[in-house]
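Take a look at the structure below.
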Amino acid sequence: MVTTLLVVVIVLAIAFDYINGFHDAANSIATIVSTKVLSPFQAVLWAALFNFAAYFYFTDHKVANTIAKTVVENFITLEVILAGLLAAITWNLFTWWFGIPSSSSHTLIGGFAGAGMAKAATVGAGVMSAINLAPILKVVAFIVLAPVIGMVISVIISIIILHISKNARPSVAEKWFKRLQLISSAALSFTHGGNDAQKVMGIIYVSMVAANVLKTGDTMPEWIPISCYAAIALGTMSGGWKIVKTMGSKITKVNAFEGVAAETAGAVTLGITEHFGIPVSTTHTITGSIVGVGLLKRVSAVRWGVTVSLLWAWVLTIPVSATLAALVYAVIHLFF
């Protein structure tokens with residue numbers, strides 16, 4: 001039974017990474033598609049390539065370790081992980097269907113934590129005793145900090161670029177910005193893969209510990225990162241066109257110069273947070289970066305109604321995912 005359940009959990013985890021890929025594809029390709037530097041098909045291939053290329057660089061797995069420590073080990077069972085994954089997949093598909101750029105990262109973290117808390121309740125322990133507050137609070141803090149950091153960096157990069165190119169002819173500058181956007185979008189896809197693929201790696205690792213296949217502290221088998229990076233790259237190739245429209249044009253109109261600034265800012269932010277093992281939302285980060293380039297034009301250039309709607313989705317993602325996971329765990333607990 002344990003072996004079968006472990007296989008089911010691993011398959012669902014990799015499926016979540018695939019869904020994460022097409023759900024978050026818009027983060028990497030929205031600006032480069034909206035500026036017509038690449039066609040949608042070319043853009044997803046470009047993004048998927050660099051999603052997988054991250055496997056060869058991000059080998060420290062700091063983000064995976066943070067995710068693995070979200071729930072206290074005593075409360076981690078395969079049933080808990082299964083409930084968390086089912087809830088996360090459900091919310092991800094729901095938000096994708098309605099074109100809401102919510103965070104796959106926070107969906108997974110909320111689902112895992114909610115299922116762990118439900119497990120604690122069933123054994124008579126305090127629900128808060130099931131979670132490690134330090135990583136949870138870090139994740140919650142960066143719901144606000146990640147977009148703000150992305151916004152500030154995008155403004156700084158925009159000012160620097162404008163200063164460097166102030167004497168350039170507009171037609172020449174536009175041509176160079178379109179070339180540079182290939183690099184900036186590649187950098188964003190690269191750091192997106194490095195940050196997001198690791199989250200599922202952490203889930204698969206703890207599931208193998210829970211099934212006594214691995215012991216805590218054992219080296220992660222190499223097939224886990226390869227599978228996760230491949231899954232997120234394949235998911236990215238599947239698109240996510242509903243969210244592309246929101247990210248590429250509804251927040252603010254983006255030209256090639258602004259695309260370079262926003263994507264570079266997003267890549268820098270994701271690179272910094274990965275270095276410190278902080279599982280941030282790629283969605284939040286690039287949204288903040290796009291808002292930053294919009295603000296540089298004028299405050300009214302940002303469609304604040306859309307942005308406020310996104311903020312509500314961000315705030316609700318963790319509690320909704322946690323609640324869904326607790327309900328799913330209650331059902332699963334009836335059969336196991």
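Within the range 94-116, work out how many residues are surrounded by fewer than 24 Cβ atoms within 10 Å (Cβ to Cβ), in contact (Cβ under 8 Å) with a residue 40 or more places away in the chain and over 15 Å from the mean Cα position of the chain (by Cα).
So the answer is 3.
When you check F16 against the structure, is it under 19 Å from the mean Cα position of the chain (by Cα), modelled with pLDDT under 85 and crowded, with 21+ Cβ neighbours inside 10 Å, yes or no?
When the stated conditions are applied, F16 does not pass them.
From the list A88, A134, A125, A64, which residue is of a type in the set (A, V, I, L, M, F, W, C), in a helix (DSSP H, G or I) and within 17 Å of A330 (Cβ to Cβ)?
A88
Based on what the data block shows, is I131 in contact with a strand residue (DSSP E or B) (Cβ under 7 Å, 6 or more places away or on another chain) and either within 21 Å of S289 (Cβ to Cβ) or not hydroxyl-bearing (S, T, Y) (or both)?
Answer is yes for this residue.
Pairs needed: first member in the range 122-145, loosely packed, with under 12 Cβ neighbours inside 10 Å; second member anywhere, modelled with pLDDT of 85 or more and not in a helix (DSSP H, G or I); C-beta distance under 8 Å; at least 6 residues apart or different chains.
none
I'd like the full set of residues that are under 29 Å from H192 (Cα atoms) and either at pLDDT below 85 or acidic (D, E) (or both), limited to the range 95-131.
T95, W96, W97, F98, G99, I100, P101, S102, S103, S104, S105, H106, listed by residue number.
Considering only residues that are out of contact with any Leu (no Cβ under 9 Å at 6 or more places or on another chain) and in a helix (DSSP H, G or I), look in the range 67-80 and name the one that is nearest to E274 (Cα to Cα).
A68
The values are calculated or read from the model by the stated rules, or taken from the named source; none is laboratory data. In this text the structure is predicted, and so the values were computed from the model without any measurement. So basically every Cβ, Gly included, is an ideal-geometry build from the backbone, and we count neighbours across all protein chains shown.
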